[in-house]
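The values are calculated or read from the model by the stated rules, or taken from the named source; none is laboratory data. Source: prediction; values computed, not measured. Note that we place each Cβ from the backbone using ideal geometry, even for glycine, and neighbour counts take in every protein chain shown.
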Amino acid sequence: MAIPAILPRIAEFENFGFGMFIHWGLYSQLGKGEWIWNLAKMSKEEYVKLFDTFTADKFDARKIARTAKNAGMNYITLTTRHHDGFSLYDTCGLSDFDAPHSAAKRDLIAEFVDACNAEGIRPIFYHTTFDWYHDLFKEDFKGYLQFFRDSVEVLCKNYGKIGGLWFDGFWSNKGADWEEDALYATIRKHQPDAIIVNNTGLDARGAAGHIELDSVTFEQGRPTPLDRDGAPKYLAAEMCQTMNDHWGFGARDLNYKSLAELIEILCACRKVGANYLLNIGPDGHGEIPKMQEALLEGLGEWVRTCGYNNMYTGRPVPVVSETDKKDFALRDGKKIFFYIHDLTIQGDAFVTVENSGVWWRKFTGVEGKIKSVRWTDNGEELQFKQDGDTAEIFTTGYPYGTNYVVRVAEAEIE
């Protein structure tokens, strides 16, 4: 058997590597997460009062797009409509429960797309497939599906070329006929190059689905390598994850992942060729919380210093580390990039842990003869030795005052 040829849109998506997920809507005003209407058992009348106070007065789409770009992200997936049924876009008469009819009185998706285009970021539209607000979902499912497709068609027709659509919620009505053929045909009619993703949720990570889908998902879970041999279609992979424990703004959720964790997770995704879609939850006014901004700034520093182009265009190769099982390699043409973990800082024994992580790292499965090896962050040349497809690299420690968590060594291949 053979691995299927990769479609250009999927190859481009894989090269994006790192993206920003944004959960933002009426629920953000409460600061208790995106499922608060459902989990707090609020009445519909109580919840929709948020419609009249949703001003989006500090929503600066250009600033958000610039923040994503500075973090090393190449695309943004934004909740155009979440499960509460409120749309950030102009639904063009399909519903009055949208941003132009709210206190914001603006098409926030139009602002988002314009900002992404200005910053060279690809906009992708998240859209719920089920709905707590519109009664059709429970009373007339077939009628609801037409309303849903009409909503998607508005997004496909009114905002120019987009990066894709990201659906979430088929798991809400398992076994139902969601009329996927008609849905995806609607998208392809207007956006033939759009990536289509259908989130398979927490209990079916990595599962493939309809032939029109372009990527599998790993929600809140580490991605695993895909077995593409003999598959009907080459699929990308994407892991989506929160910074803390909520997708939507959680004002009292302080359980943030550390910057070191996020760097290691980003690297773990790229190790298996998966994209990392990292979520932020702007507050009720539309601003990114300071903690989230700081983490994004730190990620951007790592990408610019260590990851730069190799993180995006490098592809996993069957190189195995015999020293530290977290270490791995990506290949891009005549270069192999070794991702090195668990290094310590060079310095006096009284202030640093001596020699931990500073040793010969052994790798097997290296194809080609190595000419030179250097750290990407400071250009320091590294000692190496090679015997056939086995290579050893002497990984020096970080200069005092520095620790990038994961360090990248670039090897030139003859």
Apart from one, (1) touching a Leu at 6+ places or on another chain (Cβ under 7 Å); (2) of a type in the set (Phe, Trp, Tyr); (3) under 16 Å from Gly281 (Cα atoms) all hold for Trp35; the odd one out is (1)
Listed by range, strands (runs of 3 or more DSSP E) wholly within the stretch 191-266 having at least 1 residues that are of a type in the set (Val, Ile, Thr) are 195-199, 215-219
Residue hits (the stretch 45-73; closer than 24 Å to Leu278 by Cα and part of a loop (DSSP other than H, G, I, E, B)) are Ala56, Lys58, Phe59, Asp60, Ala71, Gly72, Met73
How many residues of the stretch 1-27 are without any contact (Cβ under 8 Å) to a residue 24 or more places away in the chain and among the acidic types (Asp, Glu)? The answer is 1
Taking the stretch 1-18 and keeping residues crowded, with 17+ Cβ neighbours inside 10 Å, in contact with a helix residue (DSSP H, G or I) (Cβ under 8 Å, 6 or more places away or on another chain) and not in a loop (DSSP other than H, G, I, E, B) leaves Phe16, Phe18
In the set Leu183, Leu202, Leu165, the lone residue that is within 20 Å of the chain's Cα centre (by Cα) and crowded, with 21+ Cβ neighbours inside 10 Å is Leu165
Filter the stretch 45-69 for residues that are over 17 Å from Asn117 (Cβ atoms) and polar (S, T, N, Q); the one that is surrounded by the fewest Cβ atoms within 10 Å (Cβ to Cβ) is Thr53
Of those in the stretch 19-39 that are assigned to a loop (DSSP other than H, G, I, E, B) and not charged (D, E, K, R), the residue surrounded by the fewest Cβ atoms within 10 Å (Cβ to Cβ) is Trp35
By residue number, the members of the stretch 370-407 that are among the acidic types (Asp, Glu) and in a strand (DSSP E or B) are Glu381, Asp387, Glu392
Note: among Arg315, Arg270, just one is of a type in the set (Lys, Arg), touching a residue at least 12 places away in the same chain (Cβ under 8 Å) and surrounded by fewer than 17 Cβ atoms within 10 Å (Cβ to Cβ), namely Arg315
(message) Can you confirm whether Met42 is assigned to a loop (DSSP other than H, G, I, E, B), at pLDDT 95 or above, surrounded by fewer than 20 Cβ atoms within 10 Å (Cβ to Cβ) and not small (Gly, Ala, Ser)?
(response) yes
**Message:** Would you confirm whether or not the stretch 210-233 contains a residue that is crowded, with 22+ Cβ neighbours inside 10 Å, free of Cβ contacts under 8 Å to residues at least 40 places away in the same chain and in contact with a Ser or Thr (Cβ under 6 Å, 6 or more places away or on another chain)?
**Reply:** yes
By residue number, the members of the stretch 190-218 that are of a type in the set (Asp, Glu) and at pLDDT below 95 are Asp203
Within the stretch 112-141, the residues that are surrounded by 20 or more Cβ atoms within 10 Å (Cβ to Cβ) and basic (Lys, Arg) are Arg122
Among the residues of the stretch 242-257, is any touching a residue at least 12 places away in the same chain (Cβ under 8 Å), under 17 Å from Phe16 (Cα atoms) and crowded, with 16+ Cβ neighbours inside 10 Å?
no
The correct count of residues that are within 16 Å of the chain's Cα centre (by Cα) and either among the basic types (Lys, Arg) or farther than 21 Å from Tyr339 by Cα (or both) in the stretch 251-268 is 1
Within the stretch 360-409, the residues that are on the phi > 0 side of the Ramachandran plot and modelled with pLDDT under 95 are Gly401
